[in-house]
Amino acid sequence: MGEDPASKVYVANKKKACEYIGINSFEYKLPEETTEEEVIELINKLNNDNTVSGILCQLPVPKHINEEAIINAIDPKKDVDAFHPINVGKIMTGNYDFVPCTPAGVMELIKESGIDVTGKECVVVGRSNIVGKPMSMLLLHQNGTVTVCHSKTKDLKAKTKSADILVAAVGIPNFITGDMIKEGAVVIDVGINRIAPKTLVGDVEFDTAKEVAGAITPVPGGVGPMTIAMLMKNTLKAAEVNKTV
Ligand code: NAD
């Protein structure tokens, strides 16, 4: 919906991934002035379409639309972003079909790198519904000892410096610097910040952080592609759940 430039890039990349692995994708580009009722009508149509396994609404939505109403309208069984309250609740209990794509991508990176989360001090900087909060739950499910930091956290540096696994999801370019990181820590940078037309940087200052970190993800090219891979995984899962393939 609307003209958000970052959303256009994300949607294009998601479509490309679908094509690459053989999932049919259908894009509905809605003009800025679309009403909430019209969006919900479209979602209902897709909810009832047996040839559609998964639905996502690329956020952010224009200001006159209630984001929560849109998320709530998506059938939880087709909610491949896992933002619907039913799926959020399932993540709390640990019995879930869909995991929000970005935190799921982070967990996959950790697993594939052979890093055991059990007993580790895990610090998540950021408490958004789409990254920070579900991220902390997933680390907890893997037996990490999790601290969630946010804009009101006091002495952030003391917290980040205690982390064996540090996840930055703040949205401020180069916010976490090398001196805030413990020697040998695993540093995962979720941030995507456009600081010039063709320059993306993360929330972690890569050059100083890489000198102290034991492992670190780059931006671009780290968590971003994993997010899309996890969206594909959720969509496959949705096809199984809905038996649409
Ligand atoms: P958000 O703006 O919803 O949340 C940011 C969080 O950072 C908030 O919880 C806030 O409390 C915290 N914060 C802000 N200032 C702080 C400070 N000074 N100290 C400590 N905490 C502070 O953002 P979001 O949607 O969670 O996204 C975070 C970043 O991740 C953004 O750069 C976004 O573009 C990126 N992102 C990347 C992907 C991906 O696929 N890699 C997906 C989603 C978001």
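Read-outs: derived from the displayed coordinates by stated rules, not from any lab. The shown structure was predicted, so the numbers you read here are calculated from the model rather than taken from an experiment. Methodologically, a virtual Cβ is constructed for each residue, glycine included, from the backbone with ideal geometry; neighbour enumeration extends over all protein chains shown.
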DSSP beta bridges in the chain, what fraction antiparallel, as a percent rounded to 5? 15 percent
Span from the the stretch 186-245 Cα centroid across to the the stretch 21-48 one, whole angstrom: 26 Å
Under 27 Å from the Cα of LYS157 - lysines, other chains or at least 8 residues apart: LYS111, LYS120, LYS133, LYS182, LYS210
Can you list the HN-Hα couplings for the stretch 228-233, worked out from phi with the Karplus curve (6.51, -1.76, 1.60; θ = phi - 60°), rounded to whole Hz and with x for Gly and Pro? 5, 4, 6, 5, 5, 5
Under Karplus coefficients 6.51, -1.76 and 1.60, residue-wise ³J(HN,Hα) of the stretch 22-36 in Hz, glycine/proline x: x, 9, 6, 10, 10, 9, 10, 8, 9, x, 3, 7, 4, 8, 4
Would you grab the residues whose amide H sits under 5 Å from the one on VAL170? Only those 5+ places off in sequence or on another chain, please, with H modelled 1.01 Å from N. GLY191
Name the GluC sites (Glu not before Pro) in the stretch 33-89 that are in a loop by DSSP and that have at most 13 other C-beta atoms within 10 Å, would you? GLU33
For the stretch 175-189, just list the computed ³J(HN,Hα) in residue order, Karplus coefficients 6.51, -1.76 and 1.60, θ = phi - 60°, integers in Hz, with x standing in for Gly and Pro. 5, 8, 9, x, 6, 9, 10, 6, 3, x, 5, 8, 10, 10, 9
